[in-house]
Amino acid sequence: MTTAHHLRLIDGMCTGDFPQERTPSVSGVSGPGYHTAFLRTGHEPWDDDELAGPEHRAQCLAEHDALLTLLTARWGEPQVMSLWSAQERMLAGEVISDPWADPVAGCEFVRLWRVEERWVAIGLVLEEDGPGCEVTVLVTVVDPP
């Protein structure tokens with residue numbers, strides 16, 4: 001997917017209606033008050049080429065950075081929101097509800113914009129001991145935890 005495709009997807013998430021029930025979509029999951037998209041996954045099959053994994057991670061990071069640059073030009077500097085305290089609460093047994101449960105479980109922090117009445121959050125999930133990388137987008141009317 002290209003950065004232009006990612007922007008069209010985010011634009012659609014920002015203007016689209018929310019479903020009444022949690023529903024899978026082509027790029028993620030939507031539910032009452034939110035849309036999520038996983039722009040790059042760390043679970044893609046690789047050939048025998050040893051460089052495929054590191055190349056995937058580098059490409060994912062480049063796509064993430066390009067997306068942030070374009071969204072910052074459009075909406076201004078994002079808030080950088082640490083999810084550490086929400087992760088600690090989750091580990092202590094607190095239930096973090098949708099739509100924030102997935103970003104809290106996987107991201108150290110998100111870049112966050114307020115666009116009209118919706119929050120737009122971009123998170124990066126990096127596999128600790130491998131090439132896995134995922135860019136997560138959340139568009140929601142639900143306030144962050």
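The values are calculated or read from the model by the stated rules, or taken from the named source; none is laboratory data. These figures come from a predicted structure and were not determined experimentally. A quick note on method: Cβ atoms are made from the backbone with ideal geometry, for glycine too, and the neighbour counts reach across all protein chains shown. Accessible surface is based on the protein model in full, side chains and every heavy atom, while ligands, DNA and RNA are left aside. Shrake-Rupley method; radii C 1.70, N 1.55, O 1.52, S 1.80 Å.
Of the chymotrypsin sites (Phe, Trp or Tyr not before Pro) found in segment 46-145, the ones in coil according to DSSP and having at most 13 other Cβ atoms within 10 Å of their Cβ are W46. Listed as lacking a disulfide-compatible partner in the chain: C14, C107, by the criterion of no other cysteine Cβ under 4.7 Å.
Across the protein chains, with a 1.4 Å probe defining accessible surface, the residues M13, M81, M90 rank M90, M81, M13 from largest area downward. Shown are T72, T36, whose ranking by accessible area with a 1.4 Å probe and every protein chain present, most to least, is T72, T36. Here the chain is described by how far its Cα atoms reach on the three principal axes: 44, 38, 30 Å, from widest to narrowest.
Using the 1.4 Å probe convention, the accessible area of the chain works out to 57 Å² per residue with neighbouring protein chains retained.
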